[in-house]
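The values are calculated or read from the model by the stated rules, or taken from the named source; none is laboratory data. Worth saying up front: this structure is predicted, and the values here are computed from it rather than measured. Cβ sites come from the backbone with ideal geometry, for glycine too, and all protein chains shown count toward neighbours. With ligands, DNA and RNA removed, areas are computed over all heavy atoms of the protein, side chains included. Shrake-Rupley method; radii C 1.70, N 1.55, O 1.52, S 1.80 Å.
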Amino acid sequence: MFDLTGRIALVTGAGQGVGAGIALALAGGGAAVAVNDLHQARAVTTVGSIAAAGGRAAAVPFDVSDHDAVTAGFEEAARLLGPVDILVNNAGIPAAGFPQIPFKDTEPAFWRRFVDLNLYGMFNCTHVAVGSMCERGWGRIITISSEAARMGLDINVAIYGASKAGAIGLTRHLAVEVAPAGVTVNAISLGTMENVGGRWGDRIAAGIPRRRLGTGADAGAAVTFLASDEADWVTGQVLPVNGGSRA
Ligand SMILES: NC(=O)c1ccc[n+]([C@@H]2O[C@H](COP(=O)([O-])OP(=O)(O)OC[C@H]3O[C@@H](n4cnc5c(N)ncnc54)[C@H](O)[C@@H]3O)[C@@H](O)[C@H]2O)c1
C-alpha cells in the first residue's frame, strides 16, 4: 500500500517543520523528493536527513511567491530528479514572522505577505506543475491549509485564515478541471503542530481530543495517502488532520 516508488515529489518550504516531515515521509514511501525552501541551507539539511534514511532527494531553493523563480525551480527539479508528479504546497508562514494582530489594527502591507505566500505561492507552484501533469496523465497536488481556514478563532489570525481559505477554493475548482486528465487536487486542514506549541503546548494539547499536538510525521502520513495511486478517487477534498478537533 502507498508505494511511491518511481514518483518525483516537490515539497515547498520543506527545510524545517511540517514540510520536512512531509518530505521525509514521501521519501520513505519511495518517492524521489525535490526539497524546496527559501533558505538553501535548510533545504540542504532536509536532503541530508532523507539521504541518511536511505532516500533520494535534491535541494531546489526558490521563492514560491516569484513565478519566474518557481518556473526555474521546477526546471531544476526536472533536471536533477525528473518531472514533478507530486506537488505539496506547504510553504505558508511568512519569513518575516507571524505576528497575531487584530484585523482592525492591520495595514494592507501586512496583508500582502500572507497573500503573496499562501495564495500566490500556491497559485505559482500549482500553475507551473499542473500542465505537465495533465500531459503525462497522472499528478497529485496537495496543499497544506489550516483549521484557521475552516473556523473563526479568537487568536487574531484573520488574514492568515483568509489566505488559507483561498487556497482551498482553488483546490476545489482545479480538482474538477483536471480530474479527467488523471490529476487529483486536495488540501489538508492542519491542526496545531508541536513546532508552534511553545510554552502553551500542554494547554493546547489538553483541548485536542487526541491529547497531543501534531507532528510532521502525522502530516506526512496523510500526504502520502493523498499522493498514492490508491487515492485516485479522492479529489477536491479537504482532509482535517487535527487530533479530532471539530470545526
Ligand atoms: N505549525 C502549525 O501548527 C500549523 C498549523 C496549521 C497549518 N500549518 C501550515 O503548515 C505549513 C508549514 O508550517 P510550519 O509550521 O512547518 O512552518 P515553518 O515556518 O516552520 O516552516 C516553513 C518553511 O517555509 C519556508 N518558506 C517561507 N517562505 C517561503 C517562500 N516564499 N518560498 C519557499 N519557502 C518559504 C521557510 O524558510 C521555512 O523553512 C504552513 O503552510 C502552515 O500554514 C502549520
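What the table shows:
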| read-out | value |
| --- | --- |
| Selected from Val84, Ala72, Pro94, residue furthest toward positive end of dipole (the stretch 58-147; charges at beta carbon) | Val84 |
| Two-site label geometry, Asp105 and Asp3: point separation in nm, points 7 Å out along Cα→Cβ | 5.6 nm |
| Full-stretch length increase - Cys134, Ala41 - with 0.36 nm per residue and alpha-carbon distance subtracted | 30.2 nm |
| Net charge contributed by nearby residues that have their C-beta within less than 10 Å of Ser228 (K/R +1, D/E -1) | -2 |
| Relative contact order (%) - criterion: Cα under 8 Å, at least six apart; region: the stretch 1-155 | 22 percent |
| Computed accessible area, Leu170, all protein chains, 1.4 angstrom probe, square angstrom | 50 Å² |
| For Thr71, net neighbour charge (Lys/Arg +1, Asp/Glu -1) across residues whose Cβ lies under 15 Å away | -4 |
| Pairwise centroid distance, computed over Cα atoms, of the stretch 211-247 with the stretch 1-48, Å | 16 Å |
| The chain - mean residue ellipticity at 222 nm from DSSP helices (-39,500 (n - 2.57) per run, n ≥ 4, rounded to 500) | -13000 deg cm²/dmol |
| Solvent exposure of the chain as accessible area per residue, Å², 1.4 Å probe | 47 Å² |
| Protein accessible area in the stretch 55-120, 1.4 Å probe - carbon and sulfur % | 55 percent |
| q = 0.21, 0.29 Å⁻¹, the stretch 70-118: log10 I(q)/I(0) [Debye, one scatterer per Cα] | -0.80, -1.12 |
| Pair Asp154, Val196: separation of 7 Å Cα→Cβ label points (nm) | 1.9 nm |
| Shape category assigned to the chain from the gyration tensor of Cα positions, a/c cut at 1.5 | rounded |
